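The block underneath contains the structure these notes are about, expressed in structure tokens.
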Amino acid sequence: MSIDVLVGMQWGDEGKGKMADYLSASSDLVIRYQGGDNAGHTVINEFGVFKIHLIPCGIFHSHCTCLIGTGVVLNPDSLIEEMDVLERSGVSLSNLYISERAQLILPFHLRIDELMEKSGGIGTTKRGIGPAYAYKMLRKNLRAGDLKDTEVMKKALTESADFANAQIVALGGEPISLESLIEKCMGWREKLKDMLVNAERMLQHYIEADKNILFEGQLGVMKDIDLGIYPYVTASNPVAAYAAVASGFSPKLIRRVTGIAKAFSSTVGAGPFPTEMDSGEAAMLRGTGENPDDEYGARTGRARRIGWLDIPVLRYANEVNGLTDITLTKLDKLDSLKEIKVCTGYLLDGEEIDYMPDTGELSRVEPIYKTFSGWLSDTTGCREYAKLPENAKTYIEYIEKAIGVPIKHIGIGPKRAEIIKR
Ligand code: GDP
Ligand code: IMO
Ligand code: MG
């Protein structure tokens, strides 16, 4: 039996989707454990090119059971849309399940998110993530299992909608009718009722049967509600420990925590980003948006802000997650750079620091850079570490030493097979 967790080490969009698809080959159960359809996990494999928002990326492997876990906030409309896309591409959904305890994202959460963003937000994905988690904490929300019983559903919906509509009106928006909400929930029940399970029992059965379980994280440590750059964060905890908290198993059972880090940095939304490149440098790494691996939000299509690799952030990601290994993605994107900068520490009010401080201080830091010579050659066809250019190996080994965790996989292209195993 093994429980492995896959987490983002930066601001999200590190390549978790590709790696979750890759690692699922040896997993029996794959669980999305937090976040919602704010995620955009790109997977490119024999079925096609996908930007997956909610369904675990193990879905492409017919032997994998996939579970949308208890810690997730679930928008059933998004899920149904995503199921249609996958089915049309020939992907079987017969092994897809939803935790009855997963919280629902309801139309009023989307409206509140939008209204809050309009009046000066933080650049959310406007998918209702923050409001849905807030309503969970206020105990004013519906869970997926509530859809099963019409009376339970109507009662919970009435309370929740009254509360939400008052908030919507206060924010200057149009309230949403209870009738339309009930109708929507009835429609969701028809489509999803057979997928609802007691996720905690299901997980225990897999543990007792000595199976391999993979937890797929959403976003990255810098956007963690507690540990990230508050308030420019999401409303859940992308860190590995949350897999245990939200899914109901002992953290002692975690065997492996794989951190996914991109060979440079990117972020979408507001907030401090110390190693942000100037627009000319960024444009080259960002691409035009024509290719599936260009740096545009897989959820919102927004151009990502691009920066150099930030070692204090990666060290922090290791500290808060306890990584066993790292996957370094998008090495190939640096192939044509003459020089590559890496931030090794910061100057904070004139003093050198080597750790990632909290938001206010992070907004004031100046990065200290070390410059590496580029390798100016194509790495995309490479499948053996030994065959990588010497300068690429120098770059990788520096990062590995600076973080203190082995880099076991290196991404040299967006497709499933474009990976070097070390
Ligand atoms: P996620 O949210 O962490 O799953 O990452 P996204 O899918 O949002 O963004 C990562 C992007 O990088 C996607 O466009 C992937 O197709 C792409 N990608 C992942 N690994 C590699 C790699 O090693 N090389 C290249 N060129 N692209 C990659
Ligand atoms: P994956 O899983 C990148 C960002 C938003 C915003 C902040 C809060 O693909 O890495 P939210 O809608 O969650 O309330 O927005 O978090 N954000 C992401 N950035 N990748 C994601 O997901 C993201 N999900 C949310 O841009 O700054
Ligand atoms: Mg993404």
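The values are calculated or read from the model by the stated rules, or taken from the named source; none is laboratory data. The structure displayed is predicted, hence computed values, not measured ones. Positions of Cβ are backbone-derived with ideal geometry, glycine not excepted, and every protein chain shown enters the neighbour counts. Quick note on the areas: whole protein, heavy atoms, side chains included, nothing else; ligands and nucleic acids left out. Shrake-Rupley method; radii C 1.70, N 1.55, O 1.52, S 1.80 Å.
Can you list the strands (runs of 3 or more DSSP E) found entirely within region 323-422 that contain at least 3 residues being in the same structural domain as Pro292 (by TED's automatic domain parsing) and in contact with a Pro (Cβ under 8 Å, 6 or more places away or on another chain)? I'd like the intermediate steps shown before the answer.
Numbers: elements: 325-329, 339-348, 351-353, 366-373, 407-411, 419-421.
In region 323-422, 339-348 are the strands (runs of 3 or more DSSP E) which contain 3 or more residues that are in the same structural domain as Pro292 (by TED's automatic domain parsing) and in contact with a Pro (Cβ under 8 Å, 6 or more places away or on another chain).
Scanning region 241-255 for residues that are open to solvent by 30 Å² or more (accessible area, probe 1.4 Å) and part of a loop (DSSP other than H, G, I, E, B) turns up Gly248, Ser250.
Here are Thr125, Thr150: which of them is in contact (Cβ under 8 Å) with a residue 24 or more places away in the chain, buried (at least 21 other Cβ atoms within 10 Å of the Cβ) and among the hydroxyl-bearing types (Ser, Thr, Tyr)?
Values: Thr150 fails: buried (at least 21 other Cβ atoms within 10 Å of the Cβ).
Just a single option satisfies the conditions, and that option is Thr125.
The residue list Asp325, Asp335 contains one member that is touching a His at 6+ places or on another chain (Cβ under 9 Å) and at pLDDT 95 or above, which is Asp325. Among the residues making up region 266-285, those that are more than 14 Å from ligand 3 (Cβ to nearest atom), modelled with pLDDT of 95 or more and in contact with a strand residue (DSSP E or B) (Cβ under 7 Å, 6 or more places away or on another chain) are Phe273, Pro274, Thr275, Glu276, Met277. Say we look at region 187-212 and pick out the residues that are open to solvent by 60 Å² or more (accessible area, probe 1.4 Å) and in a helix (DSSP H, G or I); which of these is farthest from Tyr33 (Cα to Cα)? Out of the qualifying residues, it is Glu190.
Residues in region 269-288 that are without any contact (Cβ under 8 Å) to a residue 12 or more places away in the chain and part of a loop (DSSP other than H, G, I, E, B): Asp278, Gly287, Thr288. Out of Ala199, Ala132, one residue alone is within 29 Å of the chain's Cα centre (by Cα), more than 30 Å from Thr267 (Cα to Cα) and not assigned by TED's automatic domain parsing to the domain that holds Ala303. It is Ala199.
Pairs linking a residue in region 15-27 that is free of Cβ contacts under 8 Å to residues at least 60 places away in the same chain to a residue that is open to solvent by 10 Å² or more (accessible area, probe 1.4 Å) and more than 8 Å from ligand 1 (Cβ to nearest atom), with Cβ atoms under 7 Å and 6 or more positions apart or on different chains, are Ala25/His61. Inspection of region 221-240 finds no residue satisfying the criterion of being in a strand (DSSP E or B), open to solvent by less than 20 Å² (accessible area, probe 1.4 Å), at negative phi and within 16 Å of ligand 3 (Cβ to nearest atom). Among the residues making up region 301-324, a single one is surrounded by fewer than 17 Cβ atoms within 10 Å (Cβ to Cβ), of a type outside the set (Gly, Ala, Ser) and within 16 Å of ligand 1 (Cβ to nearest atom): Arg302. All conditions but one from (1) free of Cβ contacts under 8 Å to residues at least 12 places away in the same chain; (2) surrounded by 14 or more Cβ atoms within 10 Å (Cβ to Cβ) apply to Ala417; the one that does not is (2).
Sub-7 Å Cβ pairs linking a first residue in region 372-399 that is more than 17 Å from Ser336 (Cα to Cα) to a second residue that is of a type in the set (Lys, Arg), at least 6 apart or interchain, are Tyr385/Arg422, ordered by first then second residue. The single condition among (1) under 17 Å from Ala235 (Cα atoms); (2) buried (at least 19 other Cβ atoms within 10 Å of the Cβ) that Leu138 does not satisfy is (2).
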